[in-house]
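Read the structure below first, then the notes.
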Amino acid sequence: MSEELSLNINIKEPRWDQGTFMGRAKHFFMVTDPRNVLLSSEKLEEARVIVENYRAGTVTPGLTEDELWRAKYTYDSAFHPDTGEKMFVIGRMSAQVPMNMSITGCMLTFYRTTPAVVFWQWVNQSFNAIVNYTNRSGDAPITMNQLGAAYVSATTGAVVTALGLKSLAMRLPPIVSRFVPFAAVAAANCINIPFMRQRELKYGIPVMDENGNRLGESANAAKQAIIQVVVSRIGMAVPAMGNSTLYLINECCNLKKKSFSVLLSSLVFATPLCCALFPQKRYIHVSGLEADLQERIRQLSPETTTVYFNKGL
């Protein structure tokens, strides 16, 4: 009879060292695996029960360490790290590859007319808005009015930016105009993410000590988090830029299927590797926080010099 699994495995943290890029890459390859989107509600619930029971000190009979980690990553792919709520399926990072492949392919194909640019930029930014809200940091609720205002601001700003770039591209050589979808997506990310996460910028996100004790909310931490997420998302759009050039070459050779294959392969790797650019659990020195929060931390935990936060994805 096999021994019961030890309760000393720390599944609150990723399996691999998050202090290295390779460790983060391994972690995000698991979290963003597109196959996770296909998991049934029953499988997700089973993973949730295993993880929550283990954290509470109860080991599922017969559970192995590998099965525990598999359950942990299944859980992480579908449940929000701060709220514990099941995330909307197309907002999960595991949906990035199939959704971005479809939308980017359409943006590259139907970019010549203004109505097409407007429509596909609206589709893309609506999808991004869902992803940005789903993967926000913190557990503070947001009202439907706030969410609606953020959505309208984000999508409108992104579409207007795309139209402006398209107008500029009409006066540029064809090969340059092929980069319009990427430029529009990159610029729109700089608009969409801050708007969809504006509540964090206004009220802050939770910051904790090294033991996970909540010390308050910081807008300064939110700014750092959102900047890093913007950089990661722009990196995810780079395959579209490379594919634009490939499209231009292949149009004459009837090799568009190859272009889409390259786009798919690029997205499979770009998503986890760009998520891995920065650790999801970030830190900031107390001296970098707001003055009132610094004072509060000095009173609550005078020995604390560094606080930690979930930057979101």
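The values are calculated or read from the model by the stated rules, or taken from the named source; none is laboratory data. Source: prediction; values computed, not measured. Please note: Cβ atoms are built from the backbone with ideal geometry, for glycine as well, and neighbour counts cover all protein chains shown. What goes into the accessible areas is simple: the full protein's heavy atoms, side chains included, and nothing from ligands, DNA or RNA. Shrake-Rupley method; radii C 1.70, N 1.55, O 1.52, S 1.80 Å.
For the reader, a short list of remarks on this structure follows.
- For the stretch 99-149, a residue qualifies if it is charged (D, E, K, R) and either under 15 Å from the mean Cα position of the chain (by Cα) or not assigned by the TED database to the domain that holds Phe195 (or both), and exactly one does: Arg136.
- Pairing residues of the stretch 74-96 that are touching a residue at least 24 places away in the same chain (Cβ under 8 Å) and of a type in the set (Asp, Glu) with residues that are in a loop (DSSP other than H, G, I, E, B) and open to solvent by 20 Å² or more (accessible area, probe 1.4 Å), at Cβ distances under 8 Å and at least 6 apart in sequence or on separate chains, gives Asp82/Asp139.
- Filtered residue count, the stretch 21-50, keeping only those that are more than 19 Å from the chain's Cα centre (by Cα) and free of Cβ contacts under 8 Å to residues at least 40 places away in the same chain: 11
- Number of positions in the stretch 185-229 that are open to solvent by less than 50 Å² (accessible area, probe 1.4 Å) and hydroxyl-bearing (Ser, Thr, Tyr): 1
- Test: residue in the stretch 92-113 that is part of a loop (DSSP other than H, G, I, E, B), in contact with a Lys or Arg (Cβ under 8 Å, 6 or more places away or on another chain) and either open to solvent by 10 Å² or more (accessible area, probe 1.4 Å) or polar (S, T, N, Q) (or both): yes
- Filter result (open to solvent by less than 20 Å² (accessible area, probe 1.4 Å), closer than 25 Å to Gly216 by Cα and assigned to a helix (DSSP H, G or I)) within the stretch 118-160: Asn132, Thr134, Ala150
- Qualifying residues in the stretch 248-297 (those that are open to solvent by 80 Å² or more (accessible area, probe 1.4 Å), modelled with pLDDT under 60 and of a type outside the set (A, V, I, L, M, F, W, C)) - the one farthest from Phe182 (Cα to Cα): Asn254
This table checks each residue for (1) open to solvent by less than 50 Å² (accessible area, probe 1.4 Å); (2) in a helix (DSSP H, G or I).
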position: Glu67; (1), (2): no, yes
position: Ser77; (1), (2): yes, yes
position: Gly84; (1), (2): yes, no
position: Pro115; (1), (2): no, yes
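- Residue, least open to solvent (accessible area, probe 1.4 Å), within the stretch 32-62, restricted to residues that are within 25 Å of Thr271 (Cβ to Cβ) and in a loop (DSSP other than H, G, I, E, B): Thr32
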